[in-house]
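Trainee: Let me give you the structure first, and then I'll get to my questions.
The values are calculated or read from the model by the stated rules, or taken from the named source; none is laboratory data. Predicted model only: the values in this text are computed from it and were never measured. Positions of Cβ are backbone-derived with ideal geometry, glycine not excepted, and every protein chain shown enters the neighbour counts. Just the protein is used for accessible areas: all its heavy atoms, side chains included, with ligands, DNA and RNA removed. Shrake-Rupley method; radii C 1.70, N 1.55, O 1.52, S 1.80 Å.
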Amino acid sequence: DWGDGAEKEASPMNSMSKIVSELQRGDHFRIVAHPIVRLSDEKTVGVELLTRSSLASFESPADFFRIAQAVNIMTLVDHQCFRKCLAASLLLPEEIHCHLNIFPSTLIDIPVRHILDDFPKGVPASRYCVELSEQQIIGDPSHLLESVRALKAHGAQVAIDDVGFGKSCLENLIFLEPD
């Protein structure tokens, strides 16, 4: 669990504008690492790096992403979370494979070259697997194909996360050729 040094807010009376401002700045995010374990020998071979908020009543990502969506800063917040997870990956042993989440809408809203520029210099992109939430892939996924291909060409793997919880059909997901 890597924090940004901020403690949990003591008062649940935070104004919404203060919370939105803190989300915009990327304040109060911390990173948690969920281990990925190879079952045959129970060795940790990777981690999924996830963002959590240290704001009281907004610890759940569903809560702070709901607020971000409501005030139209979802892409900004998601991109900050992605970059914080990349930074946290540098604190892990090099042999640990890192899975990072990004919303498909973020890949659509931000030019993929900016996402690629976020990857740490001097670290093979093959260390990373970018997970796209199937819950946000609605209808034709072809609008994601260029970004997915660019991530793969850069060396990162791509996975579809939360399969079965969204509205996409399996055929559409296969179209993206996830790893």
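Trainee: Anything in region 72-87 that is out of contact with any Pro (no Cβ under 9 Å at 6 or more places or on another chain) and open to solvent by less than 60 Å² (accessible area, probe 1.4 Å)? List them, or say none.
Mentor: Across region 72-87, the qualifying residues are Ile73, Met74, Thr75, Val77, Asp78, His79, Gln80, Phe82, Cys85.
Trainee: Let me ask you something else. Just give me the residues in region 149-179 being modelled with pLDDT of 95 or more, assigned to a helix (DSSP H, G or I) and either open to solvent by less than 40 Å² (accessible area, probe 1.4 Å) or among the aliphatic types (A, V, I, L, M) (or both), in sequence order.
Mentor: Ala150, Leu151, Ala153
Trainee: Quick one: in region 131-148, of everything that is assigned to a loop (DSSP other than H, G, I, E, B) and open to solvent by less than 20 Å² (accessible area, probe 1.4 Å), which residue is modelled with the highest pLDDT? Walk me through it before giving the result.
Mentor: Taking region 131-148 as the starting set, the residues that turn out to be assigned to a loop (DSSP other than H, G, I, E, B) are 137-141.
From what's left, open to solvent by less than 20 Å² (accessible area, probe 1.4 Å): 137, 141.
Numbers: Ile137: 66, Pro141: 79.
Among those that are assigned to a loop (DSSP other than H, G, I, E, B) and open to solvent by less than 20 Å² (accessible area, probe 1.4 Å), it is Pro141.
Trainee: Tell me which residues, restricted to region 88-116, are open to solvent by 30 Å² or more (accessible area, probe 1.4 Å) and touching a residue at least 60 places away in the same chain (Cβ under 8 Å).
Mentor: Leu91, His97, His99, Asn101
Trainee: A follow-up question, please. Going through region 117-130 one residue at a time, which ones are under 16 Å from the mean Cα position of the chain (by Cα) and surrounded by fewer than 19 Cβ atoms within 10 Å (Cβ to Cβ)?
Mentor: Within region 117-130, Asp117, Asp118, Pro120, Ala125 qualify.
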